[in-house]
Amino acid sequence: MKIDIITIFPKMFGPVLNESIVKRAQEKKKVKIAVHDLRDYTLDKHRKVDDRPFGGGSGMVLTAEPIFRAVEKIKSQGRLSVRQAGKATKPHVVLLCPQGEKLTQKKAKTLAKRKHLILICGHYEGVDERVKENLVDEQVSIGDYVLTGGELAAMVLVDCLVRLVPGVLGDKNSLNFESFEGNLLEYPQYTRPANFRGMDVPEVLLSGNHQKIAAWRKKEAIKKTKKLRPDLLKLKN
Ligand code: 6GU
């Protein structure tokens, strides 16, 4: 999977992309992530990426020109580099903004099937509507609250997608979450010591009886979900 990110704050991404599983996924060549500075695609000497809204109002709006130019440049390069079975794959362009469709595990699974994503981080009071109408394939939000920009949202999305790419997580891990995700919360986990400050680990987990353990975990996951997130039980995966 190839992910191109277009942002006015490219430096924000380093610490997230160069740590942990996302870093390892890139090293293993399971994903290729490139961060592009939107200002590199401006045409004026001040590298201006925003302007005042037509019709008045407060705040600044990201202009269409540099965003179109960035996406066009990435798409033209993609024709050479992102190939599958000898064929170029069409990049899917996503704008991160609060008006977008809310990110869910289901949405992430759909997006993770794409071979090439271009993520545009929205900013300020908004993005010129012509970007949304004529350049972007879909808009994604990470929840019902307002961030100062799409950067953190893009990082959340990348993190979420990377772990779904085959071969990024160990087989054991991936099977584990596949069987539960979406419908149920994770069952309670414990590690050593078996007694910590007088608090015991449930006896069954020390029994070595794998069938019993599996049954207990399922029961606990259902119990936990009913108590904390009953809404999840109604969802289809
Ligand atoms: Cl994608 N952008 C901004 N600015 N705020 C958000 C968001 C995105 N998702 C949730 N809040």
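When the chain is described by a simple charge dipole with +1 on each Lys and Arg Cβ and -1 on each Asp and Glu Cβ, the residue from ILE8, ALA34, ALA214 located farthest towards its positive end is ALA214.
Segment ARG83..LYS28, full-extension length gain: 18.0 nm, with 0.36 nm per residue of separation and the alpha-carbon distance subtracted.
Centre-to-centre, using Cα atoms only, the range 52-131 and the range 187-237 are separated by 40 Å. Our summary gives the chain a relative contact order of 20 percent, counting only alpha carbon pairs under 8 angstrom and 6 or more residues apart. Surface composition of the range 2-162: carbon plus sulfur atoms hold 51% of the accessible area, using a 1.4 angstrom probe and ignoring ligands, DNA and RNA. Return one number: the angle in degrees, 0 to 90 and rounded to the nearest 10, between the long axis of the Cα atoms of helix 171-180 and the longest principal axis of the Cα atoms of the chain. Rounded to the nearest ten degrees, it is 90.
Toward the positive end of the charge dipole of the range 2-162, with +1 on the Cβ of Lys and Arg and -1 on the Cβ of Asp and Glu, the farthest Cα among VAL49, GLY78, GLY100 is that of GLY78. Heavy atoms of the protein chains alone define the surface here; on that basis the chain has 62 Å² accessible area per residue at 1.4 Å probe size. Each peptide in 202-215, 3-16 receives the mean, over its residues, of other Cβ atoms within 10 Å, and ordering these scores from highest gives 3-16, 202-215. Can you give the percent of C-alpha pairs in the range 4-124 whose distance is more than 23 Å? I get 40 percent for the Cα pairs in the range 4-124 exceeding 23 Å.
Expressed as a whole percent, the accessible area of the range 179-235 that falls on carbon and sulfur atoms is 55 (1.4 Å probe). For the range 2-162, a simple Cβ point-charge model (Lys and Arg +1, Asp and Glu -1, everything else neutral) yields a dipole of about 1140 debye relative to the Cα centre.
Beta-bridge orientation, the chain: approximately 25 percent antiparallel, per DSSP, counting only bridges with both partners inside.
Expressed per residue, the C-alpha convex hull volume of the chain stands at 187 Å³.
The values are calculated or read from the model by the stated rules, or taken from the named source; none is laboratory data. Small disclaimer: the values here were computed from a predicted structure and weren't measured. Cβ coordinates were reconstructed from backbone atoms using ideal geometry, including for glycine residues, and neighbour counts include every protein chain displayed. Areas reflect the complete protein model, heavy atoms only, side chains present, ligands, DNA and RNA absent. Shrake-Rupley method; radii C 1.70, N 1.55, O 1.52, S 1.80 Å.
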